[in-house]
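Take a look at the structure set out below.
The values are calculated or read from the model by the stated rules, or taken from the named source; none is laboratory data. Source: prediction; values computed, not measured. Quick reminder, even Gly has a Cβ in these numbers, built from the backbone with ideal geometry, and neighbours come from all protein chains shown. When the accessible area is computed, the model is the full protein with side chains, heavy atoms only, and any ligands, DNA or RNA have been set aside. Shrake-Rupley method; radii C 1.70, N 1.55, O 1.52, S 1.80 Å.
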Amino acid sequence: MTDISNAEALRDPNYMPPLGQAVPLGIQHVLAMFASNVTPAIIVAGAAGFGFGSNSPDFPVMLYMIQMSMLFAGIATLIQTIGMGPVGARLPIVQGTSFAFLPVMIPAVAGQGVAGMAGLMTGVMIGGVFHFLLGAVIGKIRFALPPLVTGLIVLMIGLSLVKVGIQYAAGGVPLMGKPEFGSLNMWIPALVVVVVTLAIKFFTRGFMAVAAVLIGLIAGYVVAMMMGQVNFGNVGRASWFAMPMPFKWGMDFNGAIIIGMCFMAVISAIETVGDTSGITKGGAGREATDDEISGATYADGLGTAIAGIFGGLPNTSFSQNVGLISMTGMMSRHVVTIGALFLIVCGLVPKIGSIVSTVPINVLGGGVIVMFGMVAAAGLNMLSEVTWNRRNMVIFAVSLSMGLGLQLVPEALQHMGRTWQILLTSGLLPAAFLSIVLNLVLPEELGE
């Protein structure tokens, strides 16, 4: 779809291509991030106890959260592409629900049911405000987050979540302890997702390769349907239109969640800086300006704060769409605006959320195994830029050991307060904190 004679226009964020190109390109951006965008809501609902297979009367709450994931990904993307004063990069940045926050959110809501949502959403809202404020200083704190720190943090996000993928593929938490858990019936659709995703990723090009996880999920879904594992009961009961409700579950100020969300806001802000730079380099062959970086960070925080008010999860820029822009050569922010409008429409139609919820948990597990593995691989890719001297190896070793160890043996903190348990057993926060502090404190001469 790239018109070579108009190459200069394609590098301009303000260029508006013909609608015949703009609409499919915009929807392509949405499809590339669709599975990753709704998955965190499903995982949080499952951890709280009203997700897949729980037989909870509160199951519709998960449908609402899926709906909010789509709606506020669209709204946050509009804030980025259209902009409001200093807010928004006015670049083709696609926003969506972030995996990065899951290691903090899962222990915070574990087993609490819908009662845990008030504290979580209050934390999301306050974390979003804090994230917004980071826009004013983001350039000044980048020095504290070199590839050693950011690579370790991204690796820990992936490692913290791989357990979830295996649990889902084997049948999910509700089946644990039952004969069905881990049965061949559970694993077959999950493995189909993994195999098809890998085949599409490595043996096709263009949009197919970018949307490999989504295509893999569809293949696994078809197999699960043939095995009688798909239930359409919720689709008929879902309405065609519903407005979001502010403070749907009330407010509850939980210190652990608020601290965790604010800490993760720093990580998310740095990720957005990287994505913004990647888009301008890949699409326009230039560095991102200070206004674009601060505007992208402001939009990140504002989108998250608004999502928290209405029951959505934290938003951040989606890295897979950076690759999509480099591949298509289309820098138009208006293309992504069209994709954002498509997401908003989806978010206002509960029928779509109910269709998403028909995907069996084991099928989702196959996709999650690939997605979280790719997160860990992205962290290793960042770490490849590190000079592995004695100093850096010590920082990495201590941070990884403490973070992963506390996550694997949460009982080691049983005598600490609930707030500290939530923060430290996430694994991610202690690893991130230690790596940042050690990197700032240990002198560079130690590496020689």
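At-a-glance table
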read-out	value
Residue (of Thr419, Met243, Ile306) at the positive-pole extreme of the chain, dipole from beta-carbon charges	Met243
Convex hull projection area averaged over all views, the chain, Cα basis, nm²	21.6
Accessible-area value, Glu385, 1.4 Å probe, nucleic acids and ligands omitted, Å²	130
For region 301-448, with +1 on Lys and Arg beta carbons and -1 on Asp and Glu, the positive-most of Phe342, Leu404, Gly366 along the dipole	Phe342
Those lysines that a straight Cα-Cα span of less than 28 Å connects to Lys163, excepting residues fewer than 8 apart in one chain	Lys178, Lys201
Range of Cα positions in region 48-102 per principal axis (Å), largest first	46, 20, 15
Kyte-Doolittle at least 0.0, axis length at least 30 Å by Cα - qualifying DSSP helices, the chain	19-48, 59-82, 147-169, 255-279, 290-310, 361-383
Solvent-accessible area per residue for the chain (1.4 angstrom probe, square angstrom)	40
Cross-link partners of Lys351 among lysines (Cα-Cα below 21 Å; sequence separation of 8 or more within a chain)	Lys248
Under 23 Å from the Cα of Lys281 - lysines, other chains or at least 8 residues apart	Lys140
By average C-beta atoms within 10 angstrom, highest first, the peptides 290-299, 418-427, 148-157	148-157, 290-299, 418-427
Base-10 log of normalised Debye intensity for region 300-402 (one unit scatterer per alpha-carbon) at q = 0.11, 0.12, 0.20 Å⁻¹	-0.62, -0.73, -1.30
Dipole-positive endmost among Leu175, Val193, Ile153 within region 136-238 (Cβ charges, Cα centre)	Ile153
Kirkwood Rh in Å, taken over all unlike Cα pairs in region 187-258	15.7
Approximate spin-label separation Leu408-Ile27, in nm, with each point projected 7 Å along Cα-to-Cβ	4.7
From the C-alpha gyration tensor of region 127-226, square roots of 5λ in Å	36, 21, 13
Mean ellipticity per residue at 222 nm, deg cm²/dmol - from DSSP H runs of n ≥ 4 across the chain, formula -39500 (n - 2.57)	-21500 deg cm²/dmol
Cα centroid separation, region 172-187 to region 233-297 (Å)	34
Cα-projected label distance for Leu198 with Asn381, points at 7 Å along beta-carbon direction, nm	1.8
Area accessible to solvent at Met374, 1.4 Å probe radius, in Å²	90
Percent carbon-and-sulfur accessible area, the chain, ignoring ligands, DNA and RNA, probe 1.4 Å	69
